[in-house]
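Asker: Structure incoming, see below.
The values are calculated or read from the model by the stated rules, or taken from the named source; none is laboratory data. In this text, all values refer to a predicted model and were calculated from it rather than measured experimentally. Backbone-built Cβ (ideal geometry, glycine too); neighbour counts: all protein chains shown. For the accessible areas, the whole protein counts, side chains as well, though only heavy atoms, and no ligand, DNA or RNA atoms are used. Shrake-Rupley method; radii C 1.70, N 1.55, O 1.52, S 1.80 Å.
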Amino acid sequence: IYTLSLHDALPISWGPEEAQMALRRTAVGIDLGTTDVIAANVGRKGVEIVQNAVSERRTPALVSFTDRRRLLGDAALPQVRSNFRNSCRGLKHLVGRAVGSPELELERLWSLCPLGLADDGNVGFEVSYRGQEKCVSATACLAMLITAIVATCKAWTKMEISEVVLAIPSDRKSTRLN
């Protein structure tokens, strides 16, 4: 019987640093707030808050689209002033919502860009991306942001991310005790 270890399964083209990264894995926790995202991992010294590309511990929960590219997190923040009609915020409030949902009227008030029907049948953001008008679903925008946060965590920890725990708190109205 031959057992294959992870070391045997590593690609030949990997150097020692990539091989070491593949052997070391970690889990991260991501707290998705309405305005900010905070990511952390448990290291040898306890819980460490992950810093993003601009050395901040909080990343704005924003996705913005331009004629050339999409911008996520801190890169999307300046676009709120100059390109607000193509900037998406309040992602967690819109995920899975139907276009006819009564809660959607309040979200329309806070949304920077118009809301419409996305391809998945749920509510989405009507934006101009690479010269085309599109309706990008809130779920797709949230997936883009979380993917970027996980990539930041991977670079920060210098380890493969094996598991991600998402914390998405509900709004305060539904959790308030009377």
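Asker: Kindly provide the set of residues from the stretch 102-129 that are within 17 Å of Leu72 (Cα to Cα) and among the small types (Gly, Ala, Ser), ordered by number.
Answerer: Ser111, Gly124, Ser128
Asker: Sticking with this structure for a sec: For residues that are of a type in the set (S, T, N, Q) and closer than 22 Å to Gly29 by Cα, scanning just the stretch 45-94, find the one that is most open to solvent (accessible area, probe 1.4 Å).
Answerer: Ser55
Asker: If we scan the stretch 96-107, do we find a residue that is open to solvent by 50 Å² or more (accessible area, probe 1.4 Å) and either on the phi > 0 side of the Ramachandran plot or modelled with pLDDT of 90 or more (or both)?
Answerer: Yes, some residue in the stretch 96-107 is open to solvent by 50 Å² or more (accessible area, probe 1.4 Å) and either on the phi > 0 side of the Ramachandran plot or modelled with pLDDT of 90 or more (or both).
Asker: Sticking with this one: Go through the stretch 134-149 and give me each residue that's in contact (Cβ under 8 Å) with a residue 12 or more places away in the chain and assigned to a helix (DSSP H, G or I).
Answerer: Listed by number, the residues that qualify are Ala138, Thr139, Ala140, Cys141, Leu142, Met144, Leu145, Ile146, Ala148, Ile149.
Asker: Do any strands (runs of 3 or more DSSP E) entirely within the stretch 28-91 hold 1 or more residues that are over 14 Å from the mean Cα position of the chain (by Cα) and closer than 23 Å to Leu104 by Cα, and if so, which?
Answerer: The qualifying strands (runs of 3 or more DSSP E) are 63-65.
Asker: Test each condition in (1) within 28 Å of Ala40 (Cβ to Cβ); (2) open to solvent by less than 80 Å² (accessible area, probe 1.4 Å); (3) touching a Leu at 6+ places or on another chain (Cβ under 6 Å) for Ile168 and report the one that comes out false.
Answerer: Status for Ile168: all satisfied but (2).
Asker: Mind listing whichever residues of the stretch 109-133 are among the charged types (D, E, K, R) and in contact (Cβ under 8 Å) with a residue 40 or more places away in the chain?
Answerer: Arg130
Asker: Within the stretch 84-108, take every residue that is of a type outside the set (Asp, Glu) and without any contact (Cβ under 8 Å) to a residue 12 or more places away in the chain and give me the one that is nearest to Arg130 (Cα to Cα).
Answerer: Arg108
Asker: Inside the stretch 108-129, can you point out the residues that are open to solvent by 50 Å² or more (accessible area, probe 1.4 Å), touching a strand residue (DSSP E or B) at 6+ places or on another chain (Cβ under 8 Å) and not acidic (Asp, Glu)?
Answerer: Scanning the stretch 108-129 gives Arg108, Pro114, Leu117.
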